[in-house]
1. Run the helix sum for the chain: -39,500 (n - 2.57) per DSSP H stretch of 4+ residues, divided by residue count, reported at 222 nm to the nearest 500 deg cm²/dmol.
2. In nm, to one decimal, how far is the A148 label point from the R15 one, both placed 7 Å along Cα→Cβ?
3. Starting at 0 and stepping by 10 Å, how many percent of the alpha carbon pairs of region 27-160 end up in each bin?
4. Can you list the trypsin sites (Lys or Arg not before Pro) in region 2-65 that are in a DSSP coil and have 16 or fewer other beta carbons within 10 angstrom?
5. Compute the distance from the alpha-carbon center of region 18-35 to that of region 118-162, in whole Å.
6. List the relative contact order of region 8-162 as a percent without decimals, with contacts defined as Cα pairs under 8 Å and 6+ residues apart.
7. Angle check, please: helix 81-102 long axis (alpha carbons) against the longest principal axis of the chain (alpha carbons), in degrees 0 to 90, nearest 10.
Amino acid sequence: MPPIKRSAELQPLSRDHHRALLVAMRVQHGLDGKPFAGPMVGFDGLLAEANEFYSAHFTDHAAAEEEHLVPALRSANPDAAEHLDRLVDDHRRLSRLLVEAGEQGRSTNERRSALCEFGAVLEAHVRFEERELFAIIEESLAHDVLEAIGERLAEYEAQRDPSCRGGGAG
Ligand SMILES: [Fe+2]
Ligand SMILES: [Fe+2]
């Protein structure tokens, strides 16, 4: 898939998406017994990678989207409500799936299928944001509103650990 060129304002989020896709692919392929972009690791290793990604990278990213994108788009375009609900629901679902994947009281199969679903939902979520949600944002928001969001996102990115940017996939 050729990368979609998003507006400069949204690029701090798009740069984070490279790492998210890498983790999503490593989890899905790894559970299938196939290496992807790095050494082959078992369930515990994949779960550890997913948890590290979630706490070090994803929570701040999701918070930035919910804080900077959701209110602006909700007020600019009432037709976008469904997309915004999906954005927030996906974030909650990813959190729940990772908890399930780590729960010792569950069977191995349940934990594997929760982690596999985490990978699939994460991949679909990033593609949904890049292909649908960000396009709606670019179409719906007035230029000055998008510009103001871009400034907040640039501040968000500047405060992050540089390792959050990129990730090798993509
Ligand atoms: Fe998101
Ligand atoms: Fe995102």
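1. On the way: 8 runs with 112 residues, N = 170.
When only DSSP H runs of four or more count, the value is -21000 deg cm²/dmol.
2. With each label placed 7 Å out from Cα toward Cβ, I get 2.4 nm.
3. 11, 37, 30, 17, 5, 0
4. Working: sites: K5, R6, R15, R19, R26; in loops: K5, R6.
Counting only loop positions with at most 16 other Cβ atoms within 10 Å, the trypsin sites (Lys or Arg not before Pro) in region 2-65 are K5.
5. Here the two parts' Cα centres lie 22 Å apart.
6. On the way: 126 pairs, mean separation 56.1, N = 155.
Taking the mean separation of contacting Cα pairs over the length of region 8-162, I get 36 percent.
7. The angle comes out near 20 degrees.
FYI, it's all coordinate maths here, none of it is from the lab. Just so it is clear, the model here is predicted, and its values are computed rather than measured. We place every Cβ from the backbone using ideal geometry, glycine too, and count neighbours over all the protein chains shown.
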